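These notes are about the structure you will find just below.
The values are calculated or read from the model by the stated rules, or taken from the named source; none is laboratory data. Small disclaimer: the values here were computed from a predicted structure and weren't measured. Heads up, the Cβs are rebuilt from the backbone with ideal geometry, glycines too, and the neighbour counts pull from every protein chain shown.
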Amino acid sequence: MVNRSFNRADRVAGQIQRVLAKLIQKGVRDPRLAQATITGVDLSRDLRIAKVYFAMHGGGDQEAILEGFQSAKGFIKRELARELGLRYMPDLRFFHDGSFDYGAHINRVLKSLATDDEKNNPTAGEK
């Protein structure tokens, strides 16, 4: 018996993420989505619901991007169905992925601590 590390839902989720990222770059003309990057897709085991996670870059407005996804949802589903050839196209639900924002915040805090340490302890770097 072959042990598969990925189930069908994981494979289809990866395909959805790849095609959706390409669609946002080249197919969807909504300017609100130009600031979005697809960070992940979680697909239910029965392939009925796809949770699509996105991050913003360039100081995008989360609500505007969500509205952009909702307005382009029909087009996105048609293109995904055409590209993937699935019998049933999952319902797409879009969510902001805050992990990148949190990581950037932590990075800023660490840099400020390093800068503060250099100001308060100038000989720390000479050891």
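Within the stretch 59-77, if we keep just the residues that are among the small types (Gly, Ala, Ser) and under 12 Å from Leu33 (Cβ atoms), the residue that is modelled with the lowest pLDDT turns out to be Gly60. From the list Arg48, Arg32, Arg82, Arg108, the one residue that fits, being over 30 Å from Asn7 (Cα atoms) and at pLDDT 85 or above, is Arg32. Of the residues making up the stretch 69-81, those that are touching a Phe, Trp or Tyr at 6+ places or on another chain (Cβ under 9 Å) and buried (at least 16 other Cβ atoms within 10 Å of the Cβ) are Phe69, Ile76.
Restricting the search to the stretch 39-53, which residues are closer than 19 Å to Lys22 by Cα and either in contact with a helix residue (DSSP H, G or I) (Cβ under 7 Å, 6 or more places away or on another chain) or in contact (Cβ under 8 Å) with a residue 60 or more places away in the chain (or both)?
Answer for the stretch 39-53, where residues must be closer than 19 Å to Lys22 by Cα and either in contact with a helix residue (DSSP H, G or I) (Cβ under 7 Å, 6 or more places away or on another chain) or in contact (Cβ under 8 Å) with a residue 60 or more places away in the chain (or both): Thr39, Gly40, Val41, Asp42, Leu43, Ala50, Val52.
For the stretch 74-97, what are the residues that are of a type outside the set (A, V, I, L, M, F, W, C), closer than 15 Å to Val41 by Cα and out of contact with any helix residue (DSSP H, G or I) (no Cβ under 8 Å at 6 or more places or on another chain)? Residues satisfying the conditions are Lys77, Asp91, Arg93, Asp97.
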